[in-house]
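Inspection log for the structure reproduced underneath, given as C-alpha cells.
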Amino acid sequence: MNKIGIIFSREYLSRVKKKSFLLTTIGVPLVIMVFYALIIYLSLSDSDEKQKIAVIDEAGLLSTITDRPKSSTELVFIKNESEASFLKKYKTDGYDYFLYISNDSTSKKRYHLHSSSAASLTTMSDIEDLINNAVRNKQLIANGVDPQFFDKATAEVELENTIDTEKGARQNFAGISYAVSFGCGFLIYMMMVIYGTQVMRGVTEEKTNRVAEVMVSSVKPFQLMMGKILGIGAVGLTQFGIWIILLLSMQSILPFLFPDLMQQVSSGAVEGQSEKMAVVAEVFNGFSSLPITKIILSFVFYFLGGFLTYASIFAAVGSVVSEDQQEAQQLVFPVLMPIIIGFVIMSKAVNDPNSTEAVFGSIFPLTSPIVMMGRITYDVPLWQMATSMLLLVLSFFFFTWITAKIYRTGILMYGKRPGWKEMIKWGFRKS
Amino acid sequence: MHLLTLDSIKKHFESQKAVDDISFNVDQGKIFGLLGPNGAGKTTLIRMITGIFYPDSGSIFFKGNPFNPESDARKIGYMPEERGLYKKMKIGEQALYLARLKGMSRADAMANIKKWFVKLEMESWWNKKVEDLSKGMSQKLQFVTTVLHEPELIILDEPFSGLDPVNANLIKDEIFNLAKNGATIIFSTHRMEQVEEICDKIVLVNKGKKILDGSVHQIKQDFKENIFSIGGNIIPEHLMTHIFELVKFNPGNILVKLSEETTNNDVLNYFIRQDVNIQSFNEVLPSLNEIFIRLVEDTSATTRKFEH
C-alpha cells in the first residue's frame, strides 16, 4: 500500500507542478469570468446615444406611431425632398441612416434603408419592428379598432414555478437550473475524457519508454496502475477544488464591482428601472436558490466514480497499444462511445429530467456520472440516487478487477497488438 | 551456498514454449552468466526470477526458501536490456523514486545516491532530465538505479551495450566490486568475450532448453579438441607423421590436432628427434564463442550436461 502512495505522489506532483496545469486551472476560468463580467458591465451601462435616422414617409405610415420609449433610434422626418434628391445629401446632413417609405404599394423597394455603412442587426430589427407596428396600427384603425386598446388587450404572462418540498416551497428558476445542470454534466464529461486519456497516455508512455519493466520488478502491476489512476484523479479533484474556490471568491468580489446591483438583489427589489439589471439580479437569485452543497458533493462523487471506472479501462487500453497513435485511436473509440452516449442523454435529460432515458442513463453506471449531473438541480428521487451510486461503486470494482489483469499482461507485451477478444480473455482468466 | 535455485521451471505462452524445463543454481557471491541467442528464453527466465512472471510449473528458491516476489523484490536489482527511465523526470528524483519503490527510506536512499553519483562522477547531473542525457550517460544512470538499494541479487541484461570502452570498464570494475562485497550477479548476454572475462559459471539456453551448464574453465576443458600451438623453426618436411594432424601452418608457428593416443610428450619427443628447436608448446582451448556457435548451430541440440 505504501508503494501506491509513493507512485501516487509522483504522478500527482509531477502534473500539478507543471505550468500548464496552473494555466488551464486558473487562467481559463479567469478569462471566462472576465469575459462575463465585461458582458454584464456593458449591458448595465447602456449607452444613451441614439441613432439618428432621416425618414421620408410618402405613405404617411409612421404617423400612427406615437410612443417609442425603448428604441435606440431617433426619427427625423424630412419634408419636401424625394428619395433621389435626398440620397445625395443625407450623409452631409449628418445622418447615418436614411429610411424611405414609398407610396407605391406595388414597388419591391417599398421600404428601404440607406446607410453609410452596413446597418447593425439591432438597428435593422428596431426599424422592422417600427414599420410592422405601423402597418398593424394602420390596419387596426381601418377596421375600427383603437391601437391603444389592442396593446392593453395583449397579454404578457410570466409563469412562476415553485417546487413544494417538505422543507417548504422554493422558487424554481428553470433557466438557471437548466444552465447549471448542463454545465455540471458537460464539465464531468470533459474531465472524464481529459483525465481518462491522460491515464492512457501515461501508461503507453511507461510502456514505450520501457520503464514498465523496471517498475514491475519493484512493485506489483496493480500498484503501479492504481497509483497512477489515483494520482491523476487527485489532479482532477484539485482542479475542481480550485475552481470552486475561484467561484466562491468571485461571488464575494462581485458586490464590490456592482454595488447597486447587489443591493437590489438583497432587498429583493427586482422591479428596478432597468430590465437588463433585473435579468442579472434574477440570475443571482436563481443561483442562491440552488442546493450548492449537494451539487458540489455529487459532482465530487460522480467524478471520482466515473473517472475511476473509466480510468482503469483507459489504462488497460494504454497498456496494449505501442507507439502507434492511430492504433490507440481505434481502441479508444469503443471506450468513448458510452461516454458520448451519456453526454447525448444528458443534454436531453436537462430538458426532461424524469424521462425514461434520463432515469435509465442516470442509473446505468457507464453513463450515470454524466446523466445524473444533468438531473442534479431537479429533485432526483432518493432511491434513484442511491441505486446509481451503488452501481457506480460496484462497476468500479468490477472493471478494475478485470482491467488490472489486461494491464498486467499488456504492459510487458511488445509487437503485435492483441484484439479485443484476446484482451477480454486476459481479463477473465484466473490470477 | 546457493542463493538462487531454479527447479524444472516451465513457462508456456500461447504459441510457444518460452522456457521448457530449466533447472540451475546460482552461487552466492559469484558472477553467473546466462547465455543464449536472441529468443532463447533468457528474458522470460529473468522475468520469472524477478517476479514479473509466474512459472507455469516448477519452483524458484531464493536463499533456500520459496521465492516470494512481494518480499524478495527488495533484495533484487534488475536492469532490463531495453533501458527505461522517465524521460521528463530529473535524474536525482528518478533515482530517489526508484530506490524508495524498492522499500528504502528517503534518507538511506539519498545517502546511497550521493555515494554512487560521486563514485561514477555524476554529481553534476542531479537536476538534468533523462531526455537530456546521452545514451551512455543514461546507461550509467540505469546501472546506478539498479544497484542503489544494495540488492543481494543483481540481474544485468546486456549491461555494456551502448557504453564506450572507458565507461564499460568503469561499470565492469563496479560489477567485480559488488561481487567481492558479497552480491550475486546474473549477467545475461550473447557477447561471449565479456563472459569469459567476467563470469565464474555459465548456463547456455537455446529454444527454451538448457544446453550447457558449468564453470567457464570446466566447459573449455570439456570442449577442447586436443589442439596445440607449437612455436619453432618447423618446415613442412617435419610434418610427415601420423601422431598429429596439421590444422594450420604459419612460418615459425603451427597448430596441430593430436590423435587420440598421442600424449604431449610424444609430440615433443618427435620434434626433438627431428632436431627442431621448440620455442613454445601450449594447448589451445576453444573460446566460448566457438562453443556457443557450435552448440547453437547444432540444431539436433542434444542436451549435454556438465556436472560441477
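The values are calculated or read from the model by the stated rules, or taken from the named source; none is laboratory data. Source: prediction; values computed, not measured. Because the Cβ atoms are built from the backbone with ideal geometry, glycine has one as well, and the counts that use them run over all protein chains shown.
Among the criteria (1) of a type outside the set (D, E, K, R); (2) under 30 Å from A:Q223 (Cβ atoms); (3) modelled with pLDDT of 90 or more; (4) surrounded by 15 or more Cβ atoms within 10 Å (Cβ to Cβ), the one B:L3 does not fulfil is (3).
Kindly check whether there is at least one residue in region B:159-168 that is over 28 Å from B:N264 (Cα atoms), under 15 Å from the mean Cα position of the chain (by Cα) and free of Cβ contacts under 8 Å to residues at least 24 places away in the same chain. Scanning region B:159-168, I find at least one residue that is over 28 Å from B:N264 (Cα atoms), under 15 Å from the mean Cα position of the chain (by Cα) and free of Cβ contacts under 8 Å to residues at least 24 places away in the same chain, so the answer is yes.
Checked against (1) loosely packed, with under 15 Cβ neighbours inside 10 Å; (2) under 26 Å from A:F299 (Cβ atoms); (3) free of Cβ contacts under 8 Å to residues at least 40 places away in the same chain, A:V380 passes all but condition (1). Only one of A:M192, A:M200 is in contact with a helix residue (DSSP H, G or I) (Cβ under 6 Å, 6 or more places away or on another chain), under 18 Å from A:Q239 (Cβ atoms) and modelled with pLDDT of 85 or more; which? Criteria check complete, one pass: A:M192.
A count restricted to region A:190-246 and to residues that are within 14 Å of chain B (Cβ to nearest Cβ), under 16 Å from A:L13 (Cβ atoms) and among the aliphatic types (A, V, I, L, M) stands at 0. Screening region B:100-126 for residues that are assigned to a loop (DSSP other than H, G, I, E, B) and within 19 Å of A:S9 (Cα to Cα) and picking the one that is nearest to the other protein chains (Cβ to nearest Cβ) gives B:K102.
Per the listing A:R408, A:R417, the residue uniquely assigned to a helix (DSSP H, G or I) and modelled with pLDDT under 90 is A:R408. Residues that are free of Cβ contacts under 8 Å to residues at least 40 places away in the same chain, among the basic types (K, R) and closer than 30 Å to A:F86 by Cα within region A:116-155 comprise just one, A:R136.
Let's see how each residue does on (1) part of a helix (DSSP H, G or I); (2) surrounded by 18 or more Cβ atoms within 10 Å (Cβ to Cβ); (3) β-branched (V, I, T):
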{"site": "A:G318", "(1), (2), (3)": "yes, yes, no"}
{"site": "A:V332", "(1), (2), (3)": "yes, yes, yes"}
{"site": "A:V344", "(1), (2), (3)": "yes, no, yes"}
{"site": "A:D352", "(1), (2), (3)": "no, no, no"}
{"site": "A:E357", "(1), (2), (3)": "yes, no, no"}
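Any residue at all in region A:122-133 that is at pLDDT below 75, loosely packed, with under 14 Cβ neighbours inside 10 Å and either of a type in the set (A, V, I, L, M) or under 37 Å from the mean Cα position of the chain (by Cα) (or both)? Yes, the conditions are met somewhere in region A:122-133. Right, A:T403: of a type outside the set (G, A, S) and either under 25 Å from the mean Cα position of the chain (by Cα) or more than 17 Å from A:G233 (Cβ to Cβ) (or both) or not? Judged against the criteria, A:T403 is not a match. Of the set (1) in contact (Cβ under 8 Å) with a residue 24 or more places away in the chain; (2) under 18 Å from A:Q51 (Cβ atoms), all apply to A:S102 but (2).
Selection within region B:29-45: residues that are surrounded by 15 or more Cβ atoms within 10 Å (Cβ to Cβ) and among the polar types (S, T, N, Q). The member of this set that is nearest to the chain's Cα centre (by Cα) is B:T43. So in region B:67-99, with the set limited to residues that are surrounded by 21 or more Cβ atoms within 10 Å (Cβ to Cβ) and assigned to a strand (DSSP E or B), which one is nearest to the other protein chains (Cβ to nearest Cβ)? Filtering first and then ranking leaves B:Y78.
No other residue among A:V270, A:V321 is modelled with pLDDT under 75, of a type in the set (V, I, T) and farther than 20 Å from A:M191 by Cβ apart from A:V270. Set side by side, the residues B:Q279, B:Q218, B:Q274 differ, and just one is among the polar types (S, T, N, Q), at pLDDT 85 or above and more than 30 Å from B:I49 (Cα to Cα), which is B:Q279. Restricting attention to region B:173-232, the residues that are touching a residue at least 60 places away in the same chain (Cβ under 8 Å) and not in a helix (DSSP H, G or I) add up to 29. The set of residues in region B:80-93 that are closer than 12 Å to A:V214 by Cα and not hydroxyl-bearing (S, T, Y) comprises B:P80, B:E81, B:E82, B:R83, B:G84, B:L85.
Screening region B:127-166 for residues that are small (G, A, S) and either within 27 Å of B:I49 (Cβ to Cβ) or assigned to a helix (DSSP H, G or I) (or both) and picking the one that is modelled with the lowest pLDDT gives B:G162.
The residue of region B:45-66 that is nearest to the other protein chains (Cβ to nearest Cβ), among those that are touching a residue at least 60 places away in the same chain (Cβ under 8 Å) and not in a strand (DSSP E or B), is B:T50.
Would you confirm whether any residue within region A:146-154 is at pLDDT below 85 and surrounded by 14 or more Cβ atoms within 10 Å (Cβ to Cβ)? Scanning region A:146-154, I find at least one residue that is at pLDDT below 85 and surrounded by 14 or more Cβ atoms within 10 Å (Cβ to Cβ), so the answer is yes. Among the residues of region A:63-84, at least one is part of a loop (DSSP other than H, G, I, E, B), modelled with pLDDT of 75 or more, touching a helix residue (DSSP H, G or I) at 6+ places or on another chain (Cβ under 8 Å) and not assigned by TED's automatic domain parsing to the domain that holds A:V214.
Residues in region A:389-401 that are in contact (Cβ under 8 Å) with a residue 40 or more places away in the chain and either touching a Ser or Thr at 6+ places or on another chain (Cβ under 8 Å) or not in a helix (DSSP H, G or I) (or both) were compared, and the one that is nearest to the other protein chains (Cβ to nearest Cβ) is A:T400. Counting residues in region B:253-260 that are farther than 25 Å from B:R294 by Cα and either outside any strand (DSSP E or B) or outside the structural domain of B:I31 (by TED's automatic domain parsing) (or both) gives one or more. Selection of region A:16-30 for residues being farther than 12 Å from A:Q239 by Cα and surrounded by 12 or more Cβ atoms within 10 Å (Cβ to Cβ) yields A:K18, A:L30.
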